[in-house]
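Taking it in order: structure first as structure tokens, then the write-up.
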Amino acid sequence: MVERVQNLDAHLILWLNGWAGRWPWVDRLAQYLASDYLVPVSLALILLGLWIAPRERASRERHQKAVLRSLLGAGGSSLAVLILNQYLYRPRPFHIYEVRLLFYPPTDPSFPSNAAAVGFGMAFGIALTNRPLGALALALASLWGLARVYTGVHYPSDVLGGALLAITITSLMALALRLAEPLPSLLLRAARILHLA
Amino acid sequence: MPALAGDYFVFVFLASLGVVQIAAAYAGLRGLLFLRGRCSSALLGVGLLALGFTWFFAPGPRLIPDTQGGLNGNVQALVFTLAAGSALLFTLLVTSVVNARPLPPHFTPSEGLEALREAPYLQTLGRSLALWWRGSKTWTRT
């Protein structure tokens with residue numbers, strides 16, 4: 001089973017990375033999307049906007065709880081990747097195959113993808129409350145993961161693993177926040193007294 | 001701290017200023033706007049957002065490993081928090097000056113961000129704290 005997944009993974013990355021070098025503008029776009037800054041900052045800015053933009057108080061409170069959930073989901077997922085990296089070591093694809101590397105060579109393990117974990121952690125937290133913005137955020141997180149495969153630094157299963165991990169951790173964080181009531185509501189109430197929420 | 005951190009700070013600061021303007025214009029929080037009109041404020045927000053992204057990404061996609069001057073995840077989160085917090089503080093202070101006007105004597109601010117629909121931040125906060133202080137003194141006497 002593991003071997004079949006690895007074969008499929010290798011087949012997919014070699015196929016996707018095989019397109020690299022054909023169109024310079026696609027390579028450049030993939031490099032921007034794969035960068036450590038473009039997608040995470042965009043997702044964090046969506047969270048900042050969600051804190052302020054809702055017009056009614058009930059909607060604002062719901063969205064502000066979604067922001068807390070997203071931040072905890074992304075942070076928790078990143079921590080889970082760090083812990084998993086102590087026990088699982090999967091070499092990066094460019095160590096095994098001849099891929100055209102369009103990114104700097106990372107030194108940490110390939111599985112699970114930390115970028116996917118952080119991106120999907122934030123995006124899934126948003127999607128649980130706001131479908132349209134959640135869809136946009138999930139699309140951004142998916143593009144980030146896809147670009148990491150195209151540029152040769154991750155296998156597709158690394159991205160899938162990171163995404164599933166993030167969805168699990170963010171769901172757990174959502175449950176934890178619900179169980180921690182009235183603490184999150186009191187926190188927001190305190191911020192509301194200072195007119196910051 | 002690598003030079004990239006400075007560029008990243010400016011990027012997030014400008015982009016956060018833009019997002020706050022767009023979100024405040026959408027929510028009708030006039031006390032948070034730099035300009036009078038909601039439309040012009042939203043346009044200013046889009047401009048600031050575009051300026052932030054252009055400032056940071058014009059030299060290229062910034063593919064720098066954290067061992068050679070790139071920012072690791074923890075530093076990124078820290079600088080983002082500092083920059084976005086500074087942008088929010090800047091907005092609160094500047095809009096408090098730009099939108100300052102005498103408040104009616106019996107003006108009672110509503111709770112939360114909603115209060116910024118009618119008045120700027122520092123005046124609203126001052127009035128809220130004054131009302132809270134008066135209320136707490138009355139409560140102590142009784």
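Please average, across the residues of A:128-136, the number of beta carbons from any other chain that are within 10 Å of each residue's own beta carbon, and give a whole number. All intermediate terms of the calculation are to be shown ahead of the outcome.
Details: counts 0, 0, 0, 0, 0, 0, 0, 0, 0.
That works out to 0 on average.
Rank the residues A:Ile193, B:Ile22, A:Ile52 as a footprinting-exposure proxy: fewest other Cβ atoms within 10 Å of their Cβ go first. The partial results should precede the final answer.
Numbers: A:Ile193 15, B:Ile22 22, A:Ile52 25.
In increasing order of surrounding Cβ atoms, one gets A:Ile193, B:Ile22, A:Ile52.
Hey, got the dipole for chain B? About the Cα centre, +1 on K and R Cβ, -1 on D and E Cβ, debye to the nearest 20? Could the numbers behind the result be given before it?
Working: 10 positive and 5 negative charges, 139 e Å.
The calculation lands at about 660 debye.
Could you work out the Rg to Rh ratio of the stretch A:23-193, with Rh taken as the Kirkwood radius (inverse of the mean 1/r over all Cα pairs)?
Values: Rg = 17.3 Å, Rh = 16.7 Å.
My calculation of the ratio gives 1.03.
Within 11 Å, Cβ to Cβ, of A:Ala197, how many net charges do the neighbouring residues add up to if Lys/Arg are +1 and Asp/Glu are -1? Don't skip to the answer; put the middle values down first.
Details: positive: A:Arg57, A:Arg60, A:Lys65, A:Arg189, A:Arg192; negative: A:Glu61, B:Glu111, B:Glu114.
Local net charge: +2.
With each label point set 7 Å from Cα along the Cα-Cβ vector, what nm distance links B:Asn74 and A:Leu14?
4.0 nm
Would you tell me the mean number of C-beta atoms belonging to other protein chains that fall within 10 Å of each C-beta in B:81-87, as a whole number?
On the way: counts 1, 0, 1, 5, 0, 0, 1.
Partner-chain Cβ atoms within 10 Å, mean over residues of B:81-87: 1.
Based on DSSP H runs of at least 4 residues, each adding -39500 (n - 2.57), what is the mean residue ellipticity at 222 nm of chain A after dividing by all its residues, to the nearest 500 deg cm²/dmol?
On the way: 9 runs with 146 residues, N = 197.
Value at 222 nm, helices only, nearest 500: -24500 deg cm²/dmol.
Mind checking the angle between helix B:3-27 and chain B's longest principal axis? C-alpha axes, 0 to 90 degrees, to the nearest 10.
The helix B:3-27 is inclined about 40 degrees to chain B.
Over the whole of B:5-17, what's the average partner chain Cβ count within 10 Å per residue? Rounded to a whole number, please.
Details: counts 0, 0, 1, 3, 0, 0, 2, 5, 0, 0, 5, 5, 0.
Mean inter-chain Cβ contacts per residue within 10 Å come to 2.
Mind running the shape call on chain B? Use the C-alpha gyration tensor, a ≥ b ≥ c as the square roots of the eigenvalues: rounded below 1.5 for a/c, prolate if a/b tops b/c, oblate otherwise. Don't skip to the answer; put the middle values down first.
Values: a/c = 3.99, a/b = 1.91, b/c = 2.09.
Oblate, since a/c reaches 1.5 and b/c is not below a/b.
Below 14 angstrom from the Cβ of B:Arg62, what's the summed charge of the other residues (Lys, Arg +1; Asp, Glu -1)?
Working: positive: A:Arg28; negative: A:Asp36, B:Asp7, B:Asp66.
Here the count lands on -2.
Using alpha carbons only, how many degrees (0 to 90, rounded to 10) separate the axis of helix A:57-87 from the longest principal axis of chain A?
40 degrees
Can you give the FRET efficiency for B:Ala130 and B:Ala3, using 1/(1 + (r/R0)^6), R0 = 45 Å, r = Cβ-Cβ distance, to the nearest 0.05?
Values: r = 46 Å, r/R0 = 1.02.
Once rounded, the FRET efficiency stands at 0.45.
How much mean residue ellipticity at 222 nm does chain B get from its helices, if each DSSP H run of length 4 or more adds -39500 (n - 2.57) and you divide by all residues, to the nearest 500 deg cm²/dmol? Walk me through the numbers on the way to the answer.
Details: 4 runs with 92 residues, N = 142.
Value at 222 nm, helices only: -22500 deg cm²/dmol.
Taking only Cα atoms, what is the 0 to 90° angle, nearest 10, from helix B:73-98's long axis to the longest principal axis of chain B?
That works out to roughly 40 degrees.
To the nearest 20 debye, what is the magnitude of the charge dipole of chain A about its Cα centre, counting +1 on the Cβ of each Lys and Arg and -1 on the Cβ of each Asp and Glu?
Values: 17 positive and 10 negative charges, 145 e Å.
Dipole of chain A, to the nearest 20 debye: 700 debye.
Read phi for every residue in the stretch B:33-47 and hand back ³J(HN,Hα) as whole Hz from Karplus 6.51 cos²θ - 1.76 cosθ + 1.60, θ = phi - 60°, with x for Gly and Pro.
For the stretch B:33-47, the Karplus-derived couplings read 9, 6, 10, 5, x, 6, 5, 5, 5, 5, 5, 4, x, 4, x Hz, x marking Gly and Pro.
What does the charge count near B:Thr124 come to, summing +1 for each Lys or Arg and -1 for each Asp or Glu among other residues with Cβ under 13 Å from its Cβ? Could you put the intermediate results ahead of the total?
On the way: positive: A:Arg192, B:Arg30, B:Arg101, B:Arg117, B:Arg127; negative: B:Glu111, B:Glu114, B:Glu118.
Combined, the nearby Lys, Arg, Asp and Glu give +2.
Mind giving me the FRET efficiency for A:Leu186 and A:Arg131? R0 is 30 Å, r the Cβ-Cβ distance, nearest 0.05 is fine.
Values: r = 28 Å, r/R0 = 0.93.
Here the calculated transfer efficiency is 0.60.
In which sequence would A:Met1, A:Met122, A:Met173 go, from the one with the fewest C-beta neighbours within 10 Å to the one with the most? Before the final figure, lay out the partial values.
Values: A:Met1 5, A:Met122 31, A:Met173 23.
Sorted ascending by nearby Cβ count, the order is A:Met1, A:Met173, A:Met122.
A short reminder: the numbers here are calculations on the coordinates, not readings from a lab. Note that the structure is predicted; figures quoted are calculated from it, not measured. We place every Cβ from the backbone using ideal geometry, glycine too, and count neighbours over all the protein chains shown.
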